[in-house]
Structure formats: C-alpha cells, structure tokens
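Inspection log for the structure reproduced underneath, given as structure tokens.
The values are calculated or read from the model by the stated rules, or taken from the named source; none is laboratory data. Bear in mind the structure is a predicted one, so any value in this text is a computation, not a measurement. When we count neighbours, we look across all protein chains shown, and the Cβ atoms used for this are built from the backbone with ideal geometry, even at glycine.
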Amino acid sequence: MAAPWWFWVAFNAAVLLLLLLDLGLLTRRDRPIPVGEALLRSGGFFVLAMLFCVGVFAFYGETPELRAQKGFEFLTGYLIEWSLSVDNIFVFVLVFSHFQVPAQYQHRVLFWGIIGALAMRGTLILLGTALIQEFQWIMIGFGLFLIWSGWKMLRAVDEEPDLENNRVLGWVKSRFPVTETYQGDRFFVRREGRLFLTPLALVLVLIELTDLIFALDSIPAIFAITTDPFIVYTANVFAILGLRAMYFALAGVIHRFHYLKYGLSIVLMIVGAKMLANYVAGGKAVPVEYALMLTAAIIGGSMLLSLAKTAERPPAEAFREAWRGWVPFTRGRRREAGRK
C-alpha cells in the first residue's frame, strides 16, 4: 500500500516541531548537554519511535496481516538504522577529539549535521525508490554494495585514521582561508572584507561528509527489509532524530562498545546477502521477523561482548580502541604488531 499524502504532511510537521523544540527550547546556546539530560532526550526519542511503531501495527494497512508485516518492517528497519547511527558516533568522537572541539560547540555542529542527514537521506530514499520501481535488478547492485561496505568497515576497525591528511579537508583548506582558532560557535567570520572559514566549519564539513557516506550504506540496507518509502523514511528519521542526544549520552563511554563495530559490519554483509537472496527468489526469501531476530542477536551480542571485554582492560587502553576506525576520505594506518 502507498501511504496517503496526509501521512507525509503530518509526520514531517511533527518532525519539524521536534527539531524546533530541540534547538529553541531544550538547548541553550554555548552550553554542553549533560549526560543525564542526553539520556532522557535519547530515551524520549526511542519512546516516540516505539509509539509510532505501535501505530503502524494498529493502523497502517487494510488487513491485520498487512499491518503486522508493516509493523515488523518498521521495527527491523529502525533497529538497523539505529545500530548504524551508533557507528556515526564512533566517527563523531574521533573528529571532535582530533580537532579538540569545545564541548559547548559540539551540539551546534551536530544539529546542522542532523539537518543535513535528514535532507540527504530523504533525497536518497526518493532516488532509491524510483530506481527500484524502474529497474528491479538494481537490488543486485545494492546487495553487492552492502557486502563490500561491510567488509570495508570490518577491515578498518583496527586502523588509526590520519585526520591531519584528510583529502576533502585538504581540498577545502587549499581554496578557502581558515582562521587559526575557533571563533565561538561561528562557522564563518569576516576580516577586512574577506570571508574566513573557522575550524568549526571544517569539522562540520567532515560531519556532513560522514552523514552522506553512512546514508549510502543505510538506505540500501533498509531497502533489503522493505521497499515502502514511508516505512523507509520514518525509520530513518527516528534513528537520526535521537542521534545528537545519543552522542552526548555515549561519548564518554563509547570506548566500551568497541566490538559493536564488528557486529555492524556483519549485519551489513548479512543484509546485503538477504537482498541478493530476495532478488533471486523473486520475493521475501528470508521473512522479516527472522531478519529482526538475527539483527537483534548480532547487535545485542556484540554490545554484551564489548562490555565484558572492555571491563577487563585498563581505561587508557580502552580509550585507545575508540581512536581507531574508518573516517571518510582518510587514510588509515594499521596498528603495529605488538603495539597496544
């Protein structure tokens, strides 16, 4: 079934209201978001997503069977998108730490990063839906891309990114003047009639680039679960809305989830294989309920393994683990043998 137009209007109006509340009322300028407040916000977005899921189970479909199918598709898609958004946080920690972004400015970068992510994912969802409707064989390309992307992510888990020589930032700095220090929370300043970028603008460029690359992974991943654009869009939006709050809730303990990177890589490869199997079978080769259980088992298992393994390590060593991973357009250095 296709969602009626007023579903889209009502949902996007609610999202706009949430963004305005988040920026205008719940976040004061130049104030870091405390962990307790971030946990409450992140939990609030999760509750909203689950309430929406209940609504899908109850109302989205002409028959009980169709409503159940759509509900499981939303729940599975949301879990996959939420899991992949956690991988964004690993990159955010790397970027903010490397560029020593003051805590009170990070929320502004993340806000505009989320706005950009919503716009990019909305565009990619429309494009992906159009391609699938016109060319069914594109599912083969999506599936192979997800398998390759998961393998690439898996290989990069132990690499130390060389952010000083990021190719995109090098290109930006070669064409625009950049101030030597942060200028409050501003992205641009004008000096003697010339427009300068600030280091915060460079950080935003890298965050937006990260959002784009992860969108290229996550959109094909959810298309392996459902091709309903309304389900794809809403699952993505709910996963992204809570991303900023989740960053502030997890940034200080993200090193405790090192093995989650392996789990996410495996999920991407499995989802890619499912997409290929669906195409070959001409339908749902793997029921969406099984995909939900398998995804939850891998993500939950990798999180529990991470907590168990990192509990045995000294904090300094665990923090070094968080400094490894993949960053877009950044060469990685393999850890030397025997080095901790």
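For residues that are crowded, with 16+ Cβ neighbours inside 10 Å and β-branched (Val, Ile, Thr), tally how many sit in segment 152-171.
Here the count works out to 1.
Listed residues TYR233, TYR182; which is within 27 Å of TRP148 (Cβ to Cβ) and among the aromatic types (Phe, Trp, Tyr)? Step through it out loud before you land on a result.
Values: TYR182 fails: within 27 Å of TRP148 (Cβ to Cβ).
After ruling out the rest, the residue left standing is TYR233.
Of all the residues that make up segment 61-82, how many are in contact (Cβ under 8 Å) with a residue 12 or more places away in the chain, acidic (Asp, Glu) and part of a helix (DSSP H, G or I)?
Within segment 61-82, the subset in contact (Cβ under 8 Å) with a residue 12 or more places away in the chain is 61-62, 66, 69-82.
Then keep just the ones that are acidic (Asp, Glu); that gives 62, 73, 81.
Subset that is part of a helix (DSSP H, G or I): 73, 81.
The qualifying residues number 2.
When only residues in segment 289-303 that are within 24 Å of LEU39 (Cα to Cα) and free of Cβ contacts under 8 Å to residues at least 12 places away in the same chain count, which is surrounded by the most Cβ atoms within 10 Å (Cβ to Cβ)? Let's see the steps before the verdict.
Residues of segment 289-303 within 24 Å of LEU39 (Cα to Cα): 295-303.
From what's left, free of Cβ contacts under 8 Å to residues at least 12 places away in the same chain: 297, 300.
On the way: ALA297: 11, GLY300: 14.
In this case the residue turns out to be GLY300.
Looking only at segment 291-340, how many residues end up being charged (D, E, K, R), part of a helix (DSSP H, G or I) and modelled with pLDDT under 70? Full working, then the answer.
The first filter runs over segment 291-340 and keeps only residues charged (D, E, K, R), leaving 309, 312-313, 317, 320-321, 324, 331, 333-336, 339-340.
Remaining after also requiring part of a helix (DSSP H, G or I): 309, 317, 320-321.
Imposing the further condition that a residue be modelled with pLDDT under 70 reduces the set to 317, 320-321.
Number of matching residues: 3.
I'd like to know if segment 119-131 contains one or more residues that are over 26 Å from LEU18 (Cβ atoms), at pLDDT below 90, surrounded by fewer than 17 Cβ atoms within 10 Å (Cβ to Cβ) and in contact with a helix residue (DSSP H, G or I) (Cβ under 6 Å, 6 or more places away or on another chain). Give the steps one after another, and end with the answer.
From segment 119-131, those over 26 Å from LEU18 (Cβ atoms) are 130-131; that's our starting set.
Now restrict to residues that are at pLDDT below 90: 130-131.
Okay, now just the ones that are also surrounded by fewer than 17 Cβ atoms within 10 Å (Cβ to Cβ), so 130-131.
This time we only want the ones that are in contact with a helix residue (DSSP H, G or I) (Cβ under 6 Å, 6 or more places away or on another chain), so: 131.
Checked segment 119-131: at least one residue is over 26 Å from LEU18 (Cβ atoms), at pLDDT below 90, surrounded by fewer than 17 Cβ atoms within 10 Å (Cβ to Cβ) and in contact with a helix residue (DSSP H, G or I) (Cβ under 6 Å, 6 or more places away or on another chain).
Are any residues in segment 134-146 surrounded by fewer than 16 Cβ atoms within 10 Å (Cβ to Cβ), of a type outside the set (D, E, K, R) and without any contact (Cβ under 8 Å) to a residue 12 or more places away in the chain, and if so, which ones? Steps first, answer last, please.
If we filter segment 134-146 for residues that are surrounded by fewer than 16 Cβ atoms within 10 Å (Cβ to Cβ), which is where we start, we get 134-137, 140-141, 144.
Restricting the remaining residues to those that are of a type outside the set (D, E, K, R) gives 135-137, 140-141, 144.
Within segment 134-146, PHE135, GLY141 qualify.
Are there any helices (runs of 4 or more DSSP H) wholly within segment 99-208 with 2 or more residues that are under 21 Å from the mean Cα position of the chain (by Cα) and basic (Lys, Arg), and if so which?
Working: elements: 103-134, 138-155, 167-175.
The qualifying helices (runs of 4 or more DSSP H) are 103-134, 138-155.
Please determine whether any residue of segment 270-287 is touching an Asp or Glu at 6+ places or on another chain (Cβ under 9 Å) and assigned to a helix (DSSP H, G or I). Full working, then the answer.
Taking segment 270-287 as the starting set, the residues that turn out to be touching an Asp or Glu at 6+ places or on another chain (Cβ under 9 Å) are none.
The answer is no; no qualifying residue exists.
Of the residues that make up segment 49-60, is at least one closer than 23 Å to ALA251 by Cα, at pLDDT 90 or above and part of a helix (DSSP H, G or I)? Steps first, please.
Going through segment 49-60, the residues closer than 23 Å to ALA251 by Cα turn out to be 49.
Still in the running and at pLDDT 90 or above: 49.
Cutting the leftovers down to part of a helix (DSSP H, G or I) gives us 49.
Yes, there is a match, as at least one residue in segment 49-60 is closer than 23 Å to ALA251 by Cα, at pLDDT 90 or above and part of a helix (DSSP H, G or I).
In the list LEU216, LEU212, LEU195, which residue meets the criterion of being at pLDDT 90 or above, surrounded by fewer than 20 Cβ atoms within 10 Å (Cβ to Cβ) and over 20 Å from ALA103 (Cα atoms)? Show your work before the answer.
On the way: LEU216 fails: at pLDDT 90 or above; LEU212 fails: at pLDDT 90 or above.
Among LEU216, LEU212, LEU195, only LEU195 is at pLDDT 90 or above, surrounded by fewer than 20 Cβ atoms within 10 Å (Cβ to Cβ) and over 20 Å from ALA103 (Cα atoms).
List every residue pair whose Cβ atoms sit under 6 Å apart, with the two residues 6 or more apart in sequence or on different chains, where the first one lies in segment 270-288 and is buried (at least 18 other Cβ atoms within 10 Å of the Cβ) and the second, anywhere, is among the hydroxyl-bearing types (Ser, Thr, Tyr).
Between residues of segment 270-288 that are buried (at least 18 other Cβ atoms within 10 Å of the Cβ) and residues that are among the hydroxyl-bearing types (Ser, Thr, Tyr), the close pairs are VAL288/THR76.
Look through segment 243-257, keep the residues that are surrounded by 24 or more Cβ atoms within 10 Å (Cβ to Cβ) and not hydrophobic (A, V, I, L, M, F, W, C), and return whichever of them is nearest to VAL47 (Cα to Cα).
ARG244
Any residue that is at pLDDT below 75 and under 25 Å from ALA117 (Cα atoms) - is there at least one of those in segment 229-252?
Filtering segment 229-252 down to residues at pLDDT below 75 leaves 252.
Remaining after also requiring under 25 Å from ALA117 (Cα atoms): 252.
Within segment 229-252, one or more residues are at pLDDT below 75 and under 25 Å from ALA117 (Cα atoms).
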